[in-house]
Amino acid sequence: MTLNASADFEAKSSYSFNVVDTDGGGLTGSKAVVLSITDVNEAPTVTSAATASVAENMPASTVVYTATATDPDTSAPFNTKAWSLTGTDAALLSIDASTGAVTLNASANFEAKKFLQLQCGLTPTAAA
């Protein structure tokens with residue numbers, strides 16, 4: 001038996017079919033089979049914008065960006081995620097691991113730093 005298309009646990013978690021054997025005399029034997037599809041962790045896709053801006057002198061804790069993503073996984077533990085920041089300027093910002101809200105750690109100062117570079121990451125976590 002071969003699949004005609006890729007198995008996708010989120011779309012269909014099992015397939016049922018019958019196998020039939022016919023001998024040279026026309027007699028048959030059959031067996032009902034259930035093929036279970038195993039869920040695997042599929043990577044999320046970050047869908048939020050690649051750039052953001054904030055006005056100078058905005059105070060610390062100002063939300064300057066909200067990271068968003070889609071993930072084909074719908075069941076635990078693969079549907080539980082946590083946001084994180086990396087990159088050159090990640091220490092200047094904080095991210096809420098649950099919501100993806102990125103905030104300033106200090107007031108924005110255009111004269112001191114015109115651009116911040118960071119990367120938002122979304123990683124699987126253990127189910128609660």
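The values are calculated or read from the model by the stated rules, or taken from the named source; none is laboratory data. Predicted model, so just to flag it, every value in this text is computed and none were measured. Cβ atoms come from the backbone with ideal geometry, glycine included; neighbour counts cover every protein chain shown.
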With in contact with a Leu (Cβ under 8 Å, 6 or more places away or on another chain) and within 14 Å of LEU116 (Cβ to Cβ) as the only criterion, which of VAL64, VAL46 stands out?
VAL64
Give THR51, THR62, THR22 a once-over and let me know the one that is surrounded by 10 or more Cβ atoms within 10 Å (Cβ to Cβ), β-branched (Val, Ile, Thr) and assigned by TED's automatic domain parsing to the domain that holds SER94.
THR62
Kindly list the number of the only condition in (1) exposed (fewer than 10 other Cβ atoms within 10 Å of the Cβ); (2) out of contact with any strand residue (DSSP E or B) (no Cβ under 8 Å at 6 or more places or on another chain) that fails for SER16.
(2)
Whether any residue in the range 66-73 is in a strand (DSSP E or B), touching a residue at least 12 places away in the same chain (Cβ under 8 Å) and hydrophobic (A, V, I, L, M, F, W, C) is what I want to check.
yes
Search the range 1-13 for residues being polar (S, T, N, Q) and loosely packed, with under 10 Cβ neighbours inside 10 Å, and hand back the single one that is modelled with the lowest pLDDT.
THR2
Give the residues of the range 1-58 that are closer than 30 Å to LEU92 by Cβ and either touching a residue at least 60 places away in the same chain (Cβ under 8 Å) or assigned to a strand (DSSP E or B) (or both), sorted by residue number.
PRO44, THR45, VAL46, SER48
Determine whether SER14 is on the phi > 0 side of the Ramachandran plot, under 32 Å from the mean Cα position of the chain (by Cα) and not aliphatic (A, V, I, L, M).
no
Residues of the range 67-91 being surrounded by fewer than 15 Cβ atoms within 10 Å (Cβ to Cβ), of a type outside the set (Ser, Thr, Tyr) and farther than 16 Å from ALA43 by Cα, in sequence order, are GLY87, ASP89, ALA91
